[in-house]
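One structure below.
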Amino acid sequence: MLKNPTPQQIAFFSSLFTAGALTVLLLGLKLTGTIEFPYLYLVATGLICFATSYLVTIYYLKRYIYRKIKLIYKTIHKHKLSAVEKRDVVDLQSDIINEVEKEVAQWADNQANEIKQLKDWQEYRRRFLGDISHELKTPIFNIQGYLETLLDGGLEDENINRNYIQRANKNVERLITIIDDLRVISNLEDGQLTLDMQQFDIKELTNEVFNEMHIKAKDRNIELIFKQGADIGYKVIADRERIRQVLTNLISNSIKYGNENGMTKVGFYDMDKNILIEVADNGIGIAPDKIGKVFERFYRVDKSRSREQGGTGLGLSIVKHMMEAHKQTINVRSSLNLGSTFGFTLEKA
């Protein structure tokens with residue numbers, strides 16, 4: 001017997017059995033002399049019986065299987081079938097039952113994955129709303145406090161009016177920064193960011209960022225240098241201004257979380273088709289259980305230091321999305337009190 005017969009095979013063998021049984025019966029009657037007829041009639045009757053039985057079986061099998069499969073497809077398919085698709089639903093030459101079982105199993109797996117994804121997104125949305133409300137609450141409450149003080153008489157006090165207005169303005173700038181960063185992330189996630197891909201020297205760009213970060217580094221007495229072996233520059237293909245943002249963020253973080261009187265080192269490594277760019281510091285480092293969270297929105301390694309220096313907690317999330325937009329990678333290595341090294345790749349020109 002066939003292990004997984006197709007409807008066509010079922011119809012063939014059942015019809016063969018029926019025709020064979022009828023033929024044997026008629027042959028027995030002829031041999032016993034009960035009925036007289038030529039052998040040609042016996043053969044013709046057997047063939048007609050086989051053909052009729054085959055067609056009837058095929059018709060009812062197709063109708064029965066289609067009705068059952070139709071109910072299954074109504075459950076697992078999200079789109080309506082066209083007239084042509086309905087005709088093609090039952091392929092009598094295939095192991096239709098086994099195929100439907102596979103489709104149902106695949107549908108069950110997809111449903112499980114969708115449910116898990118929805119739960120993940122629900123948790124992500126819950127945490128995101130909590131994080132953003134917390135981040136916006138601090139500057140809003142500060143502004144409210146300064147304005148209430150001014151309205152309660154502080155506006156006429158020359159010792160505090162300008163000071164409080166400046167503080168309120170600083171918190172407004174912080175709100176604008178958070179909103180701008182969120183807009184950038186939203187555009188990156190939606191694929192709305194257009195990259196201006198061009199060829200440029202990565203060391204030359206890093207030098208420009210070093211110059212921009214010079215005063216900030218000097219305030220903490222942190223030296224900005226290239227690693228040994230990074231004397232030569234490499235030509236890469238990327239969006240120059242977006243990579244400037246990436247370098248600015250990584251170098252700014254290395255200064256922010258680095259130890260005073262320390263250093264920030266940038267190195268370049270040839271990886272055949274790509275160039276690896278690393279930004280390393282000898283600062284506070286990141287705990288092993290926290291490394292996986294550094295690219296999350298609003299995550300801060302040191303919350304007090306970050307807020308004190310005006311960080312939004314969105315910089316590394318933007319960096320990660322920038323690299324994904326370039327179809328490149330970014331990673332981090334870190335140890336507590338030893339420092340952190342962020343590395344990202346770019347296509348070599």
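The values are calculated or read from the model by the stated rules, or taken from the named source; none is laboratory data. This is a predicted model, so every value here is computed, not measured. Cβ: placed from backbone, ideal geometry, glycine included. Neighbour counts: every protein chain shown.
Yes/no per residue for (1) assigned to a helix (DSSP H, G or I); (2) surrounded by fewer than 20 Cβ atoms within 10 Å (Cβ to Cβ); (3) touching a Cys at 6+ places or on another chain (Cβ under 8 Å); (4) touching a residue at least 60 places away in the same chain (Cβ under 8 Å):
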{"position": "Leu316", "(1), (2), (3), (4)": "yes, no, no, yes"}
{"position": "Met323", "(1), (2), (3), (4)": "yes, no, no, yes"}
{"position": "Arg333", "(1), (2), (3), (4)": "no, yes, no, no"}
{"position": "Asn337", "(1), (2), (3), (4)": "no, yes, no, no"}
{"position": "Ser340", "(1), (2), (3), (4)": "no, no, no, yes"}
{"position": "Phe344", "(1), (2), (3), (4)": "no, no, no, yes"}
{"position": "Glu347", "(1), (2), (3), (4)": "no, yes, no, yes"}
- Which of (1) under 20 Å from Ile318 (Cβ atoms); (2) surrounded by 18 or more Cβ atoms within 10 Å (Cβ to Cβ) is the odd one out, the single condition Thr248 does not satisfy? (2)
- Under 8 Å between Cβ atoms, at least 6 apart or on separate chains: pull out the pairs that start in the range 202-226 with a residue that is of a type in the set (Ser, Thr, Tyr) and end on any residue that is surrounded by 15 or more Cβ atoms within 10 Å (Cβ to Cβ). Thr206/Phe226; Thr206/Leu247; Thr206/Val266; Thr206/Ile277
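Can you name the residue in the range 136-161 that is in a helix (DSSP H, G or I) and modelled with pLDDT under 85 and, of all such residues, is surrounded by the fewest Cβ atoms within 10 Å (Cβ to Cβ)?
Glu156
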- Task: Return the total of residues in the range 182-208 being within 20 Å of Glu296 (Cα to Cα) and hydroxyl-bearing (Ser, Thr, Tyr).
- Result: 1
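Please pick out the residue among Lys273, Lys265, Lys293 that is surrounded by fewer than 17 Cβ atoms within 10 Å (Cβ to Cβ), touching a Phe, Trp or Tyr at 6+ places or on another chain (Cβ under 8 Å) and assigned by TED's automatic domain parsing to the domain that holds Lys235.
Testing whether each residue is surrounded by fewer than 17 Cβ atoms within 10 Å (Cβ to Cβ), touching a Phe, Trp or Tyr at 6+ places or on another chain (Cβ under 8 Å) and assigned by TED's automatic domain parsing to the domain that holds Lys235 leaves just Lys293.
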- Message: When you scan the range 218-229, do you find a residue that is acidic (Asp, Glu) and surrounded by 14 or more Cβ atoms within 10 Å (Cβ to Cβ), even just one?
- Response: no
